[in-house]
Structure formats: C-alpha cells, structure tokens
Amino acid sequence: MNKPIMRLYGLVLVLFALLFAFTSRWSVFEASSLRANPLNARTLLKQERVDRGSIVASDGEVLARSVRSGGSGESSSEVTYQRTYPTHGEFAAAIGYSYIDLGQSALERYRNSVLSGQSVGEVQSIINQLQGTQPRGDEVLTTLDPGAQQVANAALAGHQGAVVALDPRTGAVKVMASSPSYDPNALRSPSAYAALAGNRSGMPLVNRATQYGYAPGSTFKIVTATAAIDTGAYTQESTVNGRNDVPISGVPLENDNDESFGALTLTQALTKSVNTVWAQVAEKLGKGTMARYMNRFGFDKKPQLDYPAEEMSASGEFERSRLLSPTSSQVDVGRMGIGQDKLQVVPLQMAEVAAAVGNHGRLMTPHMTERIVDPEGRTVQRINPHLQAVVMKPSTAVAVRSMMEAVVSEGTGTEAQIPGVRVAGKTGTAETQIGTAINNVWFIAFAPAADPSVAIAVTLHDVPGQGAVFAAPVARAVMERLLHG
C-alpha cells in the first residue's frame with residue numbers, strides 16, 4: 001500500500017474519530033445539559049408530550065398534576081399535557097410552577113428530572129420511543145401538611161412575611177408559606193406572569209421563606225446563648241449587668257424602651273430580651289467563637305434544602321449585598337450577637353436554629369421530598385433523615401431550651417402559649433423605619449418543649465408593633481394545627 005493511500009486512510013480515521021466524538025458529546029456526555037437548555041426547541045416540544053408526574057402532599061392531596069389535551073390515541077403525536085394546580089396559591093412558594101414557555105421554579109424545578117421522566121436514562125428513553133410508549137414522569141410525595149399550610153396562609157393574609165415549620169427529629173418541612181403569594185394556574189397567561197414579575201413592592205414570585213433575608217432581631221440571641229453555654233464561658237445562671245447605654249464597639253447600646261437593669265442571670269436576660277446583656281456576652285465570646293457556632297447552625301451558606309440553589313439566600317452578615325465573614329473587621333460582634341448590625345437571615349435558617357435546640361443539639365438536613373414513586377407505583381427513592389451538624393452538646397440544648405421555655409411562660413413570648421403543651425420560643429423585633437413603631441417582627445419556637453415534633457419560624461414585615469404581638473400568635477396557630485390536627 002503506497003504512502004498517499006496510507007495518508008488518506010489515516011485522514012479518514014481521524015475524521016471518523018472526530019465525528020464520533022462530537023456526536024457522542026451531545027447524545028451521551030452532554031445530553032442532560034442540552035435537554036436543560038431553554039433555547040432547545042426540540043426539548044420543549046418533547047416536554048409538552050410528557051405526562052409529568054404529580055406532586056402530592058403528606059396526606060395524599062394532589063398539589064400539582066398534568067392534564068391531557070388533544071389526540072385520540074394513546075400513542076398519538078398530537079397528545080400534549082398541561083400543568084394544573086388544584087390548590088391554586090396555597091403551596092406556590094414550596095412547589096412553584098412548570099410551564100413550557102416559563103420553565104420551572106421551586107420543587108418543580110429541583111425535581112424536574114424525575115417529574116419529567118428524564119431519570120430513566122438515554123437507553124431506556126430510546127427503547128420507550130421505539131415501543132411507542134407514552135413518556136411518563138415519576139410522582140413526588142412531599143412532607144408538606146395541607147391543614148397547617150392553610151392555617152399559615154390565613155394568618156399571613158394581608159402581610160408580607162413567611163412561615164416555615166419543620167419536624168426537628170427528621171428535618172421534614174411541614175409548612176412553607178410566603179405572602180403575598182400567587183396562583184400558578186394564572187401563569188398560563190403571559191400578561192399575568194409579566195404583571196407578577198413586575199410587582200416590585202409585593203414581589204409575589206419571591207419565596208420569602210428562603211430568599212432575601214431580614215434582620216432577625218432578638219431571635220438571634222438563641223445563637224449567642226448556645227455559643228455562651230456550649231463553650232463553658234457562661235451558664236444559664238451566670239450574671240451580667242443589664243444597665244442601659246452600655247458601650248458596645250465604642251457606641252452606647254440601648255435596651256428596649258431605654259430600660260435599665262442590674263445584674264441578671266442569662267435566663268432572666270433572655271426572658272426579658274435585654275440587649276445590653278447579650279451584646280456584652282457576644283463581645284466576650286469574640287468573633288471567632290460566634291463564627292464557629294453560626295457555621296454549625298448553617299449560617300454563611302445556603303440552606304441544604306431540596307430546592308433550587310438559585311432560589312435560596314445565605315444567612316449572615318452582608319455589606320452591599322456581599323456576604324461577610326463574621327470575623328470581618330466590618331462586623332460589630334456585640335450588635336450581631338443581638339440580631340442587629342448587618343445581619344440578614346431567611347426564615348428557613350431561623351427554623352433550623354429552633355430545630356437544632358429542640359433536637360438535643362443535632363441539626364437534621366431539611367427536606368420537602370419524602371419519596372419518589374414511579375408510574376407503576378414502586379418507590380424508587382426514599383429521602384431518609386440525615387444529620388447535617390452536631391451544633392451543641394445535649395446538656396447545652398437542655399439549658400437553652402429551659403431559657404426559651406421561660407420566655408414563653410413568663411417573658412416576651414406569652415402569646416405563644418398552648419394549653420397543655422410546653423412551648424419554648426423567642427421573640428424578635430427589628431426596627432425598619434427609624435423613629436417609628438414600624439418593624440420586622442419574628443418568633444421562633446418548638447413544641448412540645450421536652451420532645452418536640454415541630455419547630456417553627458415566623459416573620460412579618462413592616463408591621464406596627466413587636467414580634468410578641470404579631471408573630472407569636474401566628475406560630476401558636478400553626479403549631480396547634482400540627483400538634484393536634
């Protein structure tokens with residue numbers, strides 16, 4: 001064989017290898033990214049013909065389903081499906097929406113692969129096409145409780161705010177409500193979506209439970225109390241002077257209503273929510289210790305929820321939208337220790353703070369999915385409880401729990417009392433309009449205190465009062481529903 005033929009043969013082999021590499025790239029190696037590309041019209045047409053799996057609440061109520069339209073035969077290419085939401089806006093923050101022209105959000109987005117049947121793999125997908133099998137997605141069973149969700153939405157009506165309730169033993173999300181909300185069914189109209197997206201004041205498409213944090217106020221004192229007791233620097237009976245106008249970072253700090261106290265135990269200081277005590281505690285602990293315990297609770301990173309990362313915000317200290325380390329020179333550790341300074345936190349994070357204390361110091365990874373079931377009814381994946389972090393010693397959790405019980409039994413959180421149930425909680429109020437009584441208010445809690453099955457965080461924005469008056473009753477109503485049905 002002469003040299004020109006050999007060169008030609010070699011060139012053909014190289015071209016064949018390149019052809020194989022490029023076709024394999026899109027059909028095998030990067031098939032998932034190609035499918036996810038919003039500009040891929042072929043993928044959009046295929047999605048219309050998929051019987052997308054349902055999303056179901058913990059009691060079996062259907063939250064999202066696909067409805068068939070067009071075509072008369074089972075394998076007709078004219079058959080298409082459209083998403084519908086039987087509960088309208090009740091679960092919009094948690095499950096989101098799924099439409100061909102808009103894409104997906106929330107749980108619809110996070111579980112898109114299994115809901116749309118893409119989890120079967122390329123080979124099985126080809127076999128299904130050859131056999132003429134109509135593509136069907138898997139069903140997602142959630143941990144969400146419809147009754148408690150309805151109570152939360154009703155309590156939030158007319159306010160901007162959010163409620164998150166967890167089972168502290170497992171991390172299961174029982175309630176995720178955000179107000180104002182929207183009806184996912186209405187998004188079939190492009191003009192309706194444009195109107196919602198353009199509403200910059202209410203921002204109904206934003207899940208306030210997971211995005212765009214707010215100053216947590218005195219609820220953050222639970223983080224400071226945990227660090228103080230767990231390190232051994234303090235006990236719940238340690239005393240600190242609670243006088244008004246204590247210099248913190250060189251600037252006098254005021255207590256609520258300029259009230260001044262003498263020596264207070266940490267329990268008394270939490271019950272009365274005395275700012276100057278907890279700011280002094282945070283300063284003594286220092287930035288390094290505060291940073292370590294914040295990290296254990298989950299601050300300074302996005303929550304580990306089965307939810308799109310793009311729709312969640314980290315909780316922590318922010319300067320011009322940039323997340324700061326708690327050890328930064330720009331941080332006033334004393335004021336951070338009482339939930340002020342530059343802190344911005346989301347309700348899910350504060351629910352995790354309550355859950356970690358209630359679960360004997362062990363923080364479980366939050367999750368909304370209980371299991372995934374294929375079209376034949378077989379469970380293909382079960383989401384088991386997973387330990388996210390050991391935040392504190394069990395003895396510390398007992399001490400902080402006792403302090404939080406005192407808040408509800410005799411302190412600022414009495415509006416959260418439930419007859420026959422011991423509740424542990426903490427109020428929070430962050431001033432939003434200087435010189436007025438307009439505040440962002442909070443309440444976090446867990447119950448029953450000794451062995452809780454629910455941990456909760458409630459926040460309401462721009463209300464004329466304090467967390468004790470506005471947020472605590474919301475938390476009580478949701479907890480009562482979860483505890484008593």
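Going residue by residue through the range 277-290, is there one that turns out to be in contact with a helix residue (DSSP H, G or I) (Cβ under 6 Å, 6 or more places away or on another chain) and either at pLDDT below 95 or part of a loop (DSSP other than H, G, I, E, B) (or both)? Checked against the condition, which is being in contact with a helix residue (DSSP H, G or I) (Cβ under 6 Å, 6 or more places away or on another chain) and either at pLDDT below 95 or part of a loop (DSSP other than H, G, I, E, B) (or both), the range 277-290 yields no hits at all. Looking only at the range 220-239, residues that are open to solvent by 20 Å² or more (accessible area, probe 1.4 Å) and part of a helix (DSSP H, G or I) come to 1 in all.
In the range 275-299, the residues that are free of Cβ contacts under 8 Å to residues at least 40 places away in the same chain and farther than 13 Å from Met336 by Cβ form Cβ pairs under 9 Å with partners that are open to solvent by 20 Å² or more (accessible area, probe 1.4 Å) and among the charged types (D, E, K, R), at six or more places apart or across chains, as follows: Thr276/Arg243; Thr276/Asp245; Thr276/Glu254; Asn295/Lys301. For the range 337-354, residues that are touching a helix residue (DSSP H, G or I) at 6+ places or on another chain (Cβ under 8 Å), in a loop (DSSP other than H, G, I, E, B) and under 28 Å from Ser402 (Cα atoms) total 5. Residues in the range 432-481 that are more than 24 Å from Tyr212 (Cβ to Cβ), of a type outside the set (A, V, I, L, M) and not in a helix (DSSP H, G or I): Gly435, Phe446, Pro448, Asp451, Pro452, Ser453. Of all residue pairs spaced 6 or more apart or on separate chains, those with beta-carbon atoms under 9 Å, a first member in the range 375-388 that is within 14 Å of Gly137 (Cβ to Cβ) and a second member that is open to solvent by 80 Å² or more (accessible area, probe 1.4 Å) and assigned to a strand (DSSP E or B) are Pro375/Arg136.
If only residues of the range 268-293 that are over 30 Å from the mean Cα position of the chain (by Cα) and open to solvent by 10 Å² or more (accessible area, probe 1.4 Å) are counted, the one that is farthest from Ser315 (Cα to Cα) is Gln268.
Which one is nearest to Asn439 (Cα to Cα) among residues in the range 250-267 that are in contact with a Gly (Cβ under 8 Å, 6 or more places away or on another chain) and not in a loop (DSSP other than H, G, I, E, B)?
Start the filter on the range 250-267 by keeping residues that are in contact with a Gly (Cβ under 8 Å, 6 or more places away or on another chain), which leaves 253, 255, 260-264.
Now drop any that are not not in a loop (DSSP other than H, G, I, E, B), which leaves 253, 263-264.
Details: Leu253: 18, Ala263: 29, Leu264: 27 Å.
Among those residues, the one meeting the criterion is Leu253.
If you go through the range 93-113 and keep only what is surrounded by 22 or more Cβ atoms within 10 Å (Cβ to Cβ) and touching an Asp or Glu at 6+ places or on another chain (Cβ under 7 Å), you end up with Ile95, Gly96, Tyr97, Ser98, Ser105, Ala106, Tyr110. Just one residue in the set Tyr234, Tyr193, Tyr214 is of a type outside the set (Val, Ile, Thr) and more than 25 Å from Leu270 (Cα to Cα); that residue is Tyr193.
Which of the residues spanning the range 180-206 are surrounded by 16 or more Cβ atoms within 10 Å (Cβ to Cβ) and either charged (D, E, K, R) or closer than 30 Å to Asp451 by Cα (or both)? Asp183 - this is the single residue of the range 180-206 that is surrounded by 16 or more Cβ atoms within 10 Å (Cβ to Cβ) and either charged (D, E, K, R) or closer than 30 Å to Asp451 by Cα (or both). Count of the range 294-304 residues, restricted to those that are open to solvent by 10 Å² or more (accessible area, probe 1.4 Å) and either assigned to a helix (DSSP H, G or I) or within 14 Å of Met364 (Cα to Cα) (or both), is 4.
Residues of the range 313-326 include at least one that is within 12 Å of the chain's Cα centre (by Cα), open to solvent by 10 Å² or more (accessible area, probe 1.4 Å), closer than 24 Å to Val357 by Cβ and not β-branched (Val, Ile, Thr). Inspect all residues belonging to the range 413-429 and state whether any of them is modelled with pLDDT of 95 or more, open to solvent by less than 50 Å² (accessible area, probe 1.4 Å), in a helix (DSSP H, G or I) and out of contact with any helix residue (DSSP H, G or I) (no Cβ under 8 Å at 6 or more places or on another chain). No - not one qualifying residue is present in the range 413-429. For Ser329, the requirement of being open to solvent by 50 Å² or more (accessible area, probe 1.4 Å), in a loop (DSSP other than H, G, I, E, B) and of a type outside the set (A, V, I, L, M) is met. Report yes if some residue within the range 392-402 is within 20 Å of the chain's Cα centre (by Cα), surrounded by 22 or more Cβ atoms within 10 Å (Cβ to Cβ) and polar (S, T, N, Q); otherwise report no. No, the conditions are met nowhere in the range 392-402.
Taking only the range 340-362 into account, find how many residues are of a type outside the set (S, T, N, Q) and either surrounded by fewer than 24 Cβ atoms within 10 Å (Cβ to Cβ) or on the phi > 0 side of the Ramachandran plot (or both). Spell out how you get there, then give the answer.
Taking the range 340-362 and keeping what is of a type outside the set (S, T, N, Q), we get 341-343, 345-348, 350-358, 360-362.
Filter once more, so that each one left must be either surrounded by fewer than 24 Cβ atoms within 10 Å (Cβ to Cβ) or on the phi > 0 side of the Ramachandran plot (or both): 341-342, 360-362.
Result for the range 340-362: 5.
Any residue that is surrounded by 24 or more Cβ atoms within 10 Å (Cβ to Cβ) and at pLDDT 95 or above - is there at least one of those in the range 260-267? Looking for residues that are surrounded by 24 or more Cβ atoms within 10 Å (Cβ to Cβ) and at pLDDT 95 or above, one finds at least one in the range 260-267, hence yes. Can Gln381 be described as polar (S, T, N, Q) and closer than 22 Å to Arg481 by Cα? For Gln381, the condition - polar (S, T, N, Q) and closer than 22 Å to Arg481 by Cα - is not met. Among the small types (Gly, Ala, Ser), open to solvent by 10 Å² or more (accessible area, probe 1.4 Å), touching a residue at least 24 places away in the same chain (Cβ under 8 Å) and in a helix (DSSP H, G or I): does that describe Gly334? Answer is no for this residue.
The values are calculated or read from the model by the stated rules, or taken from the named source; none is laboratory data. Fair warning: this is a prediction, and the values are worked out from it, not measured in the lab. Here Cβ is always computed from backbone atoms with ideal geometry, including for glycine, and neighbour counts include all displayed protein chains. Calculation scope for accessible area: heavy atoms of the full protein, side chains included, ligands and nucleic acids excluded. Shrake-Rupley method; radii C 1.70, N 1.55, O 1.52, S 1.80 Å.
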